[in-house]
1. R0 = 30 Å: FRET efficiency of Asp64 with Asp280, Cβ-based, nearest 0.05?
2. Quick check on the stretch 41-277: what does the Kirkwood estimate of hydrodynamic radius come out to from the alpha carbon pairs, in Å?
3. Lysines near Lys302 by alpha-carbon distance under 24 Å, same-chain residues fewer than 8 away left out - which ones?
4. Where both residues lie in the chain, what percent of DSSP beta bridges are antiparallel, nearest 5?
5. Just in the stretch 1-55: which trypsin sites (Lys or Arg not before Pro) are loop by DSSP and have at most 14 other Cβ atoms within 10 Å?
6. To the nearest 0.05, what FRET efficiency results for Arg185 and Asn122 with a Förster distance of 45 Å applied to their C-beta separation?
7. Evaluate the relative contact order of the chain (contact order divided by residue number), counting alpha-carbon pairs under 8 angstrom at least 6 apart; express in whole percent.
8. I need the shape label for the stretch 232-386. Rule: rounded when a/c is under 1.5, else prolate if a/b > b/c, else oblate, with a, b, c from the alpha carbon gyration tensor.
Amino acid sequence: MFDFNKVIDRSGTYTEKWDIAEGELPMWVADMELETAPAVKEALIRRASHGIYGYTTVPDEWYDAYISRWKRYGLDIRREDMIYSGGVVAAISSIVRKLTTPAEKVLLLTPTYNIFYNCIVNSGRTVLECPLIYRDGVYTIDRDALGSGLADPQTSLMILCNPQNPTGNIWDRDTLAWIGETAERYGVVVLSDEAHCELTAPGKNYVPFASVSDICRRISVTCLSPAKTFNLAGLQTAAVIVYDSVRRHRVWRGINTDDSGEPNCFAVDAVIAAFTQSDDWLEALRAHIADNRRKAEEFIAKYIPRAHAVRSDATYLLWIDLGYAGRYPAKDIREKTGLFLSEGEIYGKGGEGFVRMNLACPVSQLEDGLARLKAWDETINDDIRL
Ligand SMILES: Cc1ncc(COP(=O)(O)O)c(C=O)c1O
């Protein structure tokens, strides 16, 4: 019914991902090689055909679309808890500046989304990296390290990536409750970035941080967005949920002061169509990503046994341990094969020797990417490290 294997030529669309040399294959930045849901495309065409693209208000339908959508994940949102934002990253930067003072520490569980570092450092704050434990190919939280990071008197904010980009962890209720209690003890606000939350394997759901307990709800700032799930990153749109009314006022002031809270006229229609009319498409998309993930894992286990593809039930990203090849494997892979992956080191401590591969593509592109990865592996001698 939905053709996720159709190869779509993106040339002429000023696509960042495809701003590459002839013959290269981009599987790096997190947008999909797949068309958005039909209802979203139709809503955008309808809006575009109007011909006037003036300043836009945020209608009731936008609020209702999020509110009813997140009920299915057990998150109760009231309209007054919500703030419109022109993207998750824009909101995070404003929130960092508004809720922390210069030089204070913002805690990250690493490896994590590279742009978090920009949001913190560009705002004159300090990153406190708290590496996840990577053992037997699985990532878990080091509660001792996280506990002392939260207890650091200079830590005032933690950015939680839920689910975690790039490792794909879906954080469970018990872990989230523990984070909430520990953060509250030390007065740390938890910003839960849930940008990837709907891209879970069929039958699996994520847990919204704010849904776990009264404490989590009270100390949380949650960022939600349709951008990853519905391939709308170019529309720059997100929602920020803050339950504590004083903190919400401050977050709203931050976003407003940075002038990043004005709605894009296309984004409003797209969000409504995405969250209210596209369930069957999303179910099919999740199945396609799960198929691609299984294919990639099987291929790597069979043909590149020195590598390890980290198991995951969330995001369309595959996090691959190429530690046997030394530093900067993505750079070497690109130079030798034209396959453009994200370098693990950009995700912070623990990312060294890893690459991130974007699986949200037609199977023919996935196969091309995997074949290039295998060809690269064959150039690496056991005894020669980069
Ligand atoms: C965890 C996470 N948050 C936010 C974003 C970007 O969000 P936005 O485009 O709304 O700024 C990404 C994009 O990859 C992401 O991985």
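A short reminder: the numbers here are calculations on the coordinates, not readings from a lab. Note that the structure is a prediction, hence the values are computed from the model and not measured. Neighbour counts run over all protein chains shown; Cβ positions are idealised from the backbone, glycine included.
1. It comes to 0.90.
2. Working: mean 1/r = 0.0552 Å⁻¹.
Computed over Cα pairs of the stretch 41-277, the Kirkwood hydrodynamic radius comes out at 18.1 Å.
3. In chain and number order, the partners are Lys331, Lys336, Lys374.
4. Values: 21 of 42 bridges.
Looking only at bridges with both residues in the chain, the antiparallel portion is about 50 percent.
5. Values: sites: Lys6, Arg10, Lys17, Lys41, Arg46, Arg47; in loops: Lys6, Arg10, Lys17.
Here the sparse-neighbourhood loop sites are Lys6, Arg10.
6. 0.95
7. Here the relative contact order equals 24 percent.
8. Working: a/c = 2.75, a/b = 1.79, b/c = 1.53.
Here the stretch 232-386 falls in the prolate category.
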